[in-house]
Amino acid sequence: MFSLQDAGRAAVDRHERASLDPDDWQALRRQGHRMLDDMFDHLETLGTKPVWQHAPSSTRALFDAPLPIEANDLAEVHAIFRENILPYGSGNIHPGFMGWVQGGGTVTGMLAEMLAGGLNANLGGRDHMPIEVERQIIRWTREIFSFPETAGGIFLTGASQANFVAVQIARCRKLGRDVRAAGLSDESRLVAYASSEVHGCVPRAFEMSGIGSDQLRRVAVNARGQIDIDALEQAILRDRQEGFVPFLVIGSAGTVNTGAVDDLAALRHIADSNDLHFHVDGALGALGVLSPDLAHLFAGIGSCDSLAFDFHKWGQVPYDAGFLLVRDSEWQRQTFASDAAYLSRAATGLAGGDWWPCDYGPDLSRGFRALKTWFTLKTYGVKALGDAMSANCLLARRLAERIEGEPALKLLAPVALNIVCFAYVGAEGTIPASINSDIVERLHAEGRVAPSLTHLNGQPAIRAAIVNHRTRQQDIDQLVHSVLTIGSRQDLPQC
């Protein structure tokens, strides 16, 4: 007869079998090593593969499968990844990738991500060493950008989130902590200022904050793509006369379209004269201060009140690793800290610790982004990272020189950092500008190099953003050769 004791043992057995750890750890080790070797092989041979290739319909169909109910063998799942995901990535790790602004990552960062996944730490708070690693990165970023000891910082998904958080901090500084509960009144009439070339995430940040993107004044730029200082001062004066409340000015340390760096020292002066929070969007270029060749371009960046940037771009940390550095960490606490019974603190034990990141930003559950950043900085050192940035900018200047030496090509904007915008115009300079969008599509399909498309003065432009540490002169030569070859074909659509 089946007894209650037997039922209890069966329940215990079912519970023990419910663990998701493997029964055979040795078999898992072998499979894990195969998976790691596959990634090493892939990274080692990147240059022999296409930058990007279109996934066939049969591959896409595999991912329209029903929800798995029963278990599948890890080796079989890995095989699906190896054959149907790995060959069809976005291409940003490839040396020929020059689209948008995306870092290439490193093997060290990949391995650190594996370690972080195994540790599976939640960096919302409490007393554990992953928190100390993030605090170490904050201290290092203070040193990199010459911020004071009062400065704080926090990892976020990227500069888009960091810019949004900075808007929240600036709003709270101007209106006080009570705005968190009361919201914006009809009388607040907050306005802010940035260049017309500011990244699209900034107006979106104003929309998400409830201030509204109409309250962001987008100021004209000069011939170098920098915010026009005189026009900015006139805009602030006009707003004050009309009863608005200026509270924030945003500078760009590398505009996304052309890489222009605003006059940050002048923006600091304007902020001081008008009682404005001075924020810098440095997603594209801020880490260029690590290069002795480039640091002078960012004069004044250390004077800003907050700085958004991405370790996953020029820092070459695997996605994602955005960061916000703030001149006074108390501004962060004023904006985000709140009491919750389930987050009660203690003097000792796991609930201890004197720095909980959830008090300094919007997230409670947070991954261990700091570890891959720490590994990258510790392993390579900032000198090597700075040298890689200098090499990117040198390649950009060489590309610009090649373009100016080719009658069929035209440089469309000054090259301030690592972004080159140009167009195929034909030998006579009469090819329709729209032909450049076709050229970019053809380049992507061929898979040797992959720039992106932008628009300057309403015209399509080929945009090469050289961010990857793997990119070499041969990739630049391939880009020029391919654009000239495709552009000269008679079968291109004529507009």
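Brief remarks on what is shown
- Boolean, GLY352 is modelled with pLDDT under 95 and open to solvent by less than 10 Å² (accessible area, probe 1.4 Å): yes
- Criterion violated by ALA260 - all others in (1) among the aliphatic types (A, V, I, L, M); (2) touching a residue at least 24 places away in the same chain (Cβ under 8 Å); (3) within 26 Å of PRO414 (Cβ to Cβ); (4) out of contact with any Gly (no Cβ under 6 Å at 6 or more places or on another chain) satisfied: (4)
- Positions within region 25-78 being among the basic types (Lys, Arg), under 27 Å from ALA450 (Cβ atoms) and touching a residue at least 24 places away in the same chain (Cβ under 8 Å), in sequence order: LYS49
- ARG398 being open to solvent by 50 Å² or more (accessible area, probe 1.4 Å) and either over 28 Å from GLU134 (Cβ atoms) or touching a strand residue (DSSP E or B) at 6+ places or on another chain (Cβ under 9 Å) (or both): yes
- Candidates VAL382, VAL425, filtered to the one that is under 30 Å from SER488 (Cα atoms) and either aliphatic (A, V, I, L, M) or touching a residue at least 40 places away in the same chain (Cβ under 8 Å) (or both): VAL425
- Here region 188-238 is the region considered, the condition is being open to solvent by 20 Å² or more (accessible area, probe 1.4 Å) and part of a strand (DSSP E or B), and the residue that is farthest from ILE169 (Cα to Cα) is VAL221.
- Number of residues in region 401-436 that are among the aromatic types (Phe, Trp, Tyr) and open to solvent by 30 Å² or more (accessible area, probe 1.4 Å): the value is 0.
- Pairing residues of region 332-349 that are closer than 30 Å to HIS277 by Cα with residues that are open to solvent by 70 Å² or more (accessible area, probe 1.4 Å) and of a type outside the set (Phe, Trp, Tyr), at Cβ distances under 6 Å and at least 6 apart in sequence or on separate chains, gives GLN334/ARG177.
- Counted residues, region 259-277 - those being part of a loop (DSSP other than H, G, I, E, B) and either more than 29 Å from LEU453 (Cα to Cα) or hydroxyl-bearing (Ser, Thr, Tyr) (or both): 2
- Of the helices (runs of 4 or more DSSP H) lying entirely inside region 37-156, those carrying at least 1 residues that are surrounded by fewer than 20 Cβ atoms within 10 Å (Cβ to Cβ), basic (Lys, Arg) and at pLDDT 95 or above are 57-61, 74-84, 129-144.
- Listed by first and then second residue, the pairs linking a residue in region 158-174 that is closer than 17 Å to VAL198 by Cα to a residue that is open to solvent by less than 30 Å² (accessible area, probe 1.4 Å) and in a helix (DSSP H, G or I), with Cβ atoms under 6 Å apart and 6 or more places separating them unless they lie on different chains, are SER160/CYS201; ASN163/CYS201; ASN163/VAL202; ASN163/ALA205; PHE164/ALA205; VAL167/ALA205; VAL167/SER209.
- When residues of region 368-385 are limited to those that are closer than 15 Å to LEU123 by Cα and charged (D, E, K, R), the one most open to solvent (accessible area, probe 1.4 Å): ARG369
- Options VAL256, VAL280, VAL249: the member that is buried (at least 21 other Cβ atoms within 10 Å of the Cβ), assigned to a loop (DSSP other than H, G, I, E, B) and not charged (D, E, K, R): VAL256
The values are calculated or read from the model by the stated rules, or taken from the named source; none is laboratory data. From a predicted model like this one, the values you see are computed outputs, not experimental measurements. Don't worry about glycine lacking a Cβ; one is built from the backbone with ideal geometry, like all the others, and counts go over all protein chains shown. With ligands, DNA and RNA removed, areas are computed over all heavy atoms of the protein, side chains included. Shrake-Rupley method; radii C 1.70, N 1.55, O 1.52, S 1.80 Å.
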